[in-house]
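Trainee: Pasting a structure below so you can have a look.
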C-alpha cells in the first residue's frame, strides 16, 4: 500500500466482537443471504464479495457456527465484519441431502444443478457490479465451486457468467476432496463424507456414489487446467484430526492426499472434518490461518482499488500465491 493511503482492514485481530456490534440476520436455507453489505464503516461500496458455500448435509448458517451454553458463534458474520469492513459477506444455501446431491446420471447429477443455481444466484446479486470474489467452501461445497468456475469460464452462452470467473481472486477449500488414488477410492471417500454428514450409507446411496466417481475424478484434472490459464489464488486446508467410526489408519474423512489439488498453498486446521469450519474465538488457530490468507489477497485488492484500477485487477498477475 502506498504512503498516505489508509486501510479499512484491521491490522491486528480485535477482541471478539460483542453481539451488539453486528446485526444477526435470518439466514435463508436456499440461495443467498447477505450477512454484511460492507457499507457501514464509511458508506462506500464494498470492494470484495466473500461467498461461503457449505457441503453435503450442511447448512448456510450451522455449518459455520459453533454453539456453547453462553453464546452461539456464527463467525462469518461476527469475526469477518470486524476484520474486513470493506467486504460484502454472503452465505449460499442449497438442498444438500445426500439422496439428492448424488442423484441422477453422471452428466445430470444434482450437484450439477446446484452449480447452475449458484452461478445464476451470484449473477442476480451482483447485477452490474464486477467487484472481486473470494470463495470459502467446505467439503463437497468445494466441488460445486470448482464446477461453477469451470462453467463460468465457458459462459454457458451467457457473457454475464464469464464475469464471475474473471472476478474470482481467491478460493479457500476446507476439507474438499479433490482427488482419489483410483475410482474405487473415490467411492470410499464419498462414503466417508456421507457418514460424516450423519447419513446412513445404504446400498442405494453407495450405488449413486460409485456412478458419480469418474466425474468427480475428472473434475480435478479439468480444474488444474483452469488454474494454469487463470490468475487467482488457491489455498487448501486439511483436517488435522480423524472422526470415530471412519475407515483408515487415522480416521480422517478426507485424507491429506485427497485434500490437495496440485502445487497450491496447503495448510492444516486443528479439528476433524466437521469442526474445521467452526470457530468460537478469533484466537483459534484455524480461524487465524483463514483470516491471514484472506488478508493477503484482500490487501492486494484494496491497493488496486486505491489506485483506481480495480476493474483491471483480473488482468494482473498478483493474486496467485507462490
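The values are calculated or read from the model by the stated rules, or taken from the named source; none is laboratory data. None of these values were measured; they are calculated from a predicted model. Backbone-built Cβ (ideal geometry, glycine too); neighbour counts: all protein chains shown.
Trainee: What do you reckon, is residue 120 modelled with pLDDT under 90 and not in a loop (DSSP other than H, G, I, E, B)? Break it down into steps so the answer makes sense when it comes.
Mentor: Values: modelled with pLDDT under 90: no; not in a loop (DSSP other than H, G, I, E, B): yes.
When the stated conditions are applied, residue 120 does not pass them.
Trainee: Here are 303, 244, 284, 293: which of them is on the phi < 0 side of the Ramachandran plot, out of contact with any helix residue (DSSP H, G or I) (no Cβ under 6 Å at 6 or more places or on another chain) and loosely packed, with under 15 Cβ neighbours inside 10 Å?
Mentor: On the way: 303 fails: loosely packed, with under 15 Cβ neighbours inside 10 Å; 284 fails: loosely packed, with under 15 Cβ neighbours inside 10 Å; 293 fails: loosely packed, with under 15 Cβ neighbours inside 10 Å.
Only one candidate passes the filter, namely 244.
Trainee: Can residue 8 be described as surrounded by 11 or more Cβ atoms within 10 Å (Cβ to Cβ), more than 27 Å from residue 113 (Cα to Cα) and at pLDDT 80 or above? Working first, answer last.
Mentor: Numbers: surrounded by 11 or more Cβ atoms within 10 Å (Cβ to Cβ): yes; more than 27 Å from residue 113 (Cα to Cα): yes; at pLDDT 80 or above: no.
It is false that residue 8 is surrounded by 11 or more Cβ atoms within 10 Å (Cβ to Cβ), more than 27 Å from residue 113 (Cα to Cα) and at pLDDT 80 or above.
Table: residues versus (1) at pLDDT below 60; (2) under 19 Å from residue 244 (Cβ atoms); (3) touching a helix residue (DSSP H, G or I) at 6+ places or on another chain (Cβ under 6 Å); (4) surrounded by fewer than 19 Cβ atoms within 10 Å (Cβ to Cβ).
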site	(1), (2), (3), (4)
164	no, no, yes, no
167	no, no, no, no
173	no, no, yes, no
176	no, no, yes, no
186	no, no, yes, no
192	no, yes, no, no
203	yes, no, no, yes
209	yes, no, yes, no
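Trainee: Scanning segment 126-159 for residues that are part of a helix (DSSP H, G or I) and surrounded by fewer than 17 Cβ atoms within 10 Å (Cβ to Cβ), which turns out modelled with the highest pLDDT? First the steps, then the outcome.
Mentor: Here is the first cut: in segment 126-159, the ones part of a helix (DSSP H, G or I) are 126, 141-157, 159.
Then keep just the ones that are surrounded by fewer than 17 Cβ atoms within 10 Å (Cβ to Cβ); that gives 150, 154-157, 159.
Working: 150: 94, 154: 86, 155: 76, 156: 71, 157: 70, 159: 78.
Per the stated criteria, the residue is 150.
Trainee: Another one. Quick one: residue 49 ticks every box in (1) more than 28 Å from residue 195 (Cα to Cα); (2) part of a loop (DSSP other than H, G, I, E, B); (3) modelled with pLDDT of 80 or more; (4) touching a helix residue (DSSP H, G or I) at 6+ places or on another chain (Cβ under 9 Å) except a single one, so which number is it?
Mentor: (2)
Trainee: With the structure loaded, tell me whether residue 99 is under 16 Å from residue 197 (Cβ atoms), modelled with pLDDT under 95, under 15 Å from the mean Cα position of the chain (by Cα) and surrounded by fewer than 16 Cβ atoms within 10 Å (Cβ to Cβ) or whether it fails that test.
Mentor: Values: under 16 Å from residue 197 (Cβ atoms): yes; modelled with pLDDT under 95: yes; under 15 Å from the mean Cα position of the chain (by Cα): no; surrounded by fewer than 16 Cβ atoms within 10 Å (Cβ to Cβ): yes.
So residue 99 fails the test.
Trainee: Within segment 56-98, which residues are more than 17 Å from residue 46 (Cα to Cα), in contact with a strand residue (DSSP E or B) (Cβ under 8 Å, 6 or more places away or on another chain) and part of a helix (DSSP H, G or I)?
Mentor: Listed by number, the residues that qualify are 63, 64, 75.
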